[in-house]
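The values are calculated or read from the model by the stated rules, or taken from the named source; none is laboratory data. All of these numbers come straight from a predicted model, not from anything done at the bench. Counting neighbours? That spans all protein chains shown, and the Cβs are built from the backbone with ideal geometry, glycine included. Accessible surface areas use protein heavy atoms only, side chains included; no ligands, DNA or RNA. Shrake-Rupley method; radii C 1.70, N 1.55, O 1.52, S 1.80 Å.
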Amino acid sequence: MVLKNLNDLKRLVDGIPIRKLVLAAANDQHSLGAVYRAWKENIIDPILVGDEEEIQSICSSYNYDITGLRIINEPVPEKSVETAVKMISSKQADILMKGKIGSATLLRCVLNKEWGLRTGNLLSHFALFEVETYQKVIAVTDVAMNIAPTLHEKIAIVNNSVACLNRLGYKMPKVAVLGAVEMVNENMQATLDAALLSKMNQRDQIKNCIIDGPLAFDNAVSLESAQLKGIKSEVAGDTDLLLMPDIEVGNVLYKSLVFFAKAKVASIILGAMVPIVLTSRSDSEQAKFDSILLAAAASTY
Ligand code: COD
């Protein structure tokens, strides 16, 4: 089963237990809007940590009736993240969400050695895009956490994403490892890593997916383009997951899809104790809502 659009995520959370979500630095309009909607739709049971006066003022100006919601007043953003993270590690909540705070600051708290959410795995960012010009939802990793992943880190990033796709119902997701070209070029590290990842997959060193690479973006997403170049590949034109060479390429693709192609996006951090809803502060309320859905669908217990 593949996801045709982000709305399909709703089907995956129907009937599962309602997840407890803690929103850190909760005094943020779009985050509160998304959390309120997900609460009303019985997807999550939220806890808000942040500047209570601001939270109440945002909610009253948008007519969100938050009577009965737990609010923890912590006006200092870094402190509110610490409180939220500690609630997760003490098993009081199942999903962490970023509000009005920078991604790097939140991630540093998550990685805190004493009270963070480390599991021994690499943490990585995972995004799902619904783009009108592609036949299904396409996953992209890592566009927001690992800056310049090594081969070892790319293996962990693929494993995190494949495990998540497996939980979303994909039995054997097709993974395209991107480069600027589809031939191995020893001067382009991304193409060397891609060839190694493909071979490791063939030898079952990376399981539960079909990996091919290097593929350039055009042959990863267009069969016609792959055929024109004479590329024989099970993945070309039918990719479920794009592995980015680094954060710069990934982030530019993310923003181009959203701003130029009007794509819808949902994104989370994988590999920590729980899924973390980590959208950009400029992402829409809809993107934050879809990310909550994704986190709920991806969380296990
Ligand atoms: N998974 C697990 N542990 C990690 C990871 C990871 N992905 N990254 C770092 N660690 C561990 C290291 O092993 C080390 O023990 C500790 O954390 C600190 O590592 P540093 O020194 O590399 O960490 P920082 O604090 O300099 O950087 C970590 C960040 C996640 C903040 C950094 O990688 C970063 O800034 N990423 C980009 C975040 C960002 O700006 N995204 C926005 C794009 S929209």
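Rounding to the nearest 10 and keeping the result within 0 to 90°, find how far the Cα-based axis of helix 285-298 lies from the longest principal axis of the chain.
Here the helix axis deviates by roughly 80 degrees.
Please work out whether region 32-105 counts as rounded, prolate or oblate from its C-alpha gyration tensor, where a ≥ b ≥ c are the square roots of the eigenvalues and a/c under 1.5 means rounded, while otherwise a/b larger than b/c means prolate and anything else oblate?
Numbers: a/c = 1.75, a/b = 1.25, b/c = 1.40.
Note, shape of region 32-105 comes out oblate.
Beta carbons within 10 angstrom, averaged per residue: use that to sort the peptides 58-67, 25-34, highest first.
Values: 58-67: 13.3, 25-34: 24.2.
Per-residue Cβ counts within 10 Å, averaged per peptide and sorted highest first, yield 25-34, 58-67.
Give the peptides 116-122, 140-146 in descending order of average Cβ contacts within 10 Å, highest first. If you can, show how the numbers build up before the last one.
Values: 116-122: 15.0, 140-146: 24.9.
Per-residue mean Cβ counts within 10 Å order the peptides as 140-146, 116-122.
So with the 1.4 Å probe, I'd like the accessible area per residue for region 142-220, rounded to whole Å². Don't jump to the answer; show the numbers that get you there.
Numbers: 3630 Å² over 79 residues.
Counting only protein heavy atoms, the per-residue value for region 142-220 is 46 Å².
Net charge near Ala261, counting Lys/Arg +1 and Asp/Glu -1 over other residues with Cβ under 13 Å of its Cβ? Walk me through the numbers before you get to the answer.
Values: positive: Lys255, Lys262, Lys264; negative: Glu130, Glu132.
Charge balance in the 13 Å sphere: +1.
Quick check on the chain: helices-only [θ] at 222 nm, where DSSP H runs of length 4 and up contribute -39,500 (n - 2.57) each and the sum goes over total residues. Nearest 500, please.
Details: 11 runs with 117 residues, N = 301.
For the chain, the value works out to -11500 deg cm²/dmol.
Mind listing the phi-derived Karplus ³J(HN,Hα) values for region 77-83, rounded to whole Hz, using 6.51, -1.76 and 1.60 with θ = phi - 60°, and x for any glycine or proline?
Result, rounded to whole Hz: x, 4, 5, 5, 5, 4, 4.
Taking the mean number of other Cβ atoms within 10 Å as a proxy for protection, how do you rank 149-157, 197-205 from highest to lowest? Show your work: numbers first, answer last.
Values: 149-157: 17.9, 197-205: 14.9.
Listed from highest to lowest mean packing, they are 149-157, 197-205.
How far, in nm, would the chain grow between Asn7 and Gln92 when pulled straight, counting 0.36 nm per residue and subtracting the alpha carbon separation?
Values: separation 85, 0.36 × 85 = 30.60 nm, distance 2.81 nm.
Full extension from Asn7 to Gln92 adds 27.8 nm.
Glu53 to Ser284: FRET efficiency via 1/(1 + (r/R0)^6), r the Cβ-Cβ distance, R0 25 Å, to the nearest 0.05?
Working: r = 25 Å, r/R0 = 1.01.
E between Glu53 and Ser284, to the nearest 0.05, is 0.50.
Using a 1.4 Å probe, what is the accessible area per residue for region 239-301, in Å²?
Working: 2180 Å² over 63 residues.
I get 35 Å² per residue for region 239-301.
When the accessible area of region 200-301 is computed with all protein chains present and a 1.4 Å probe, what percentage of it is carbon and sulfur?
Numbers: 2360 of 4390 Å².
Carbon and sulfur: 54 percent of the exposed surface of region 200-301.
What does DSSP give for the chain in terms of the percent of beta bridges that are antiparallel, rounded to the nearest 5? Before the final figure, lay out the partial values.
Details: 12 of 38 bridges.
Of the beta bridges lying entirely in the chain, close to 30 percent run antiparallel.
How much accessible area per residue does region 1-44 have, in Å², with a 1.4 Å probe? Don't jump to the answer; show the numbers that get you there.
On the way: 1910 Å² over 44 residues.
Accessible area per residue, region 1-44: 43 Å².
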